[in-house]
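The values are calculated or read from the model by the stated rules, or taken from the named source; none is laboratory data. All values derive from a computational prediction rather than experimental measurement. All Cβ positions, even for glycine, are placed from backbone atoms using ideal geometry, and neighbour counts span all protein chains on display.
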Amino acid sequence: MAAKKDNNKISAEKKSNLKKEKVSKPNFDELIKAEKDKYLRLFAEFENYKRRTAKERIELFSTASEEVMVSLLPVLDDFDRASSEIEKIKDNEIFNGILLIKNKLFDSLNSKGLSEIEIKKGDDFNADIHEAITQIPAPNKKMKGKIIDIIEKGYKLGEKIIRYPKVVIGN
């Protein structure tokens with residue numbers, strides 16, 4: 001009888017261990033669901049990474065030339081000053097040569113996305129796109145808060161302003 005009790009005791013322990021194993025081990029459906037969830041999260045993370053790097057690459061290419069463009073803006077300013085001075089001398093051949101070189105340079109830069117910010121005397125001053133150098137008394141009441149003089153042209157590279165136009169405004 002003692003042997004039968006020991007067998008019953010061992011059988012009871014085995015059954016108890018089997019129940020614990022069943023409870024502690026998740027079934028196959030739960031394992032598949034967990035792995036699928038893990039896979040979907042990893043896939044989504046990778047897709048986000050690809051989108052982010054593609055966007056960063058596009059931004060880099062569009063603004064990579066910004067430093068070069070900014071360094072060439074004083075050259076464009078010098079061409080403007082030179083052409084205005086040569087025009088006063090009335091030497092058409094030199095003026096036409098300078099104008100030809102200036103236009104060729106500007107067209108090359110324009111093809112890379114550089115554009116001049118269009119402003120003229122008498123326009124309303126807008127602090128978002130203009131940089132006020134100084135204020136002077138307005139010649140008449142209509143010119144208060146308006147652009148009196150343009151000191152330096154402004155330029156955009158694509159949609160980004162790389163140099164604000166420097167203006168004098170009427171007070």
Check the stretch 10-22 and report whether any residue there is acidic (Asp, Glu), modelled with pLDDT under 90, part of a helix (DSSP H, G or I) and surrounded by fewer than 10 Cβ atoms within 10 Å (Cβ to Cβ).
-> yes
Could you list, in sequence order, all residues of the stretch 145-170 that are in contact (Cβ under 8 Å) with a residue 40 or more places away in the chain, over 24 Å from the mean Cα position of the chain (by Cα) and buried (at least 20 other Cβ atoms within 10 Å of the Cβ)?
-> 167, 169
Scanning the stretch 100-121 for residues that are buried (at least 16 other Cβ atoms within 10 Å of the Cβ) and part of a helix (DSSP H, G or I), the one farthest from the chain's Cα centre (by Cα) turns out to be 102
Any chance you could count how many residues in the stretch 47-86 are more than 23 Å from residue 154 (Cβ to Cβ) and among the acidic types (Asp, Glu)?
-> 2
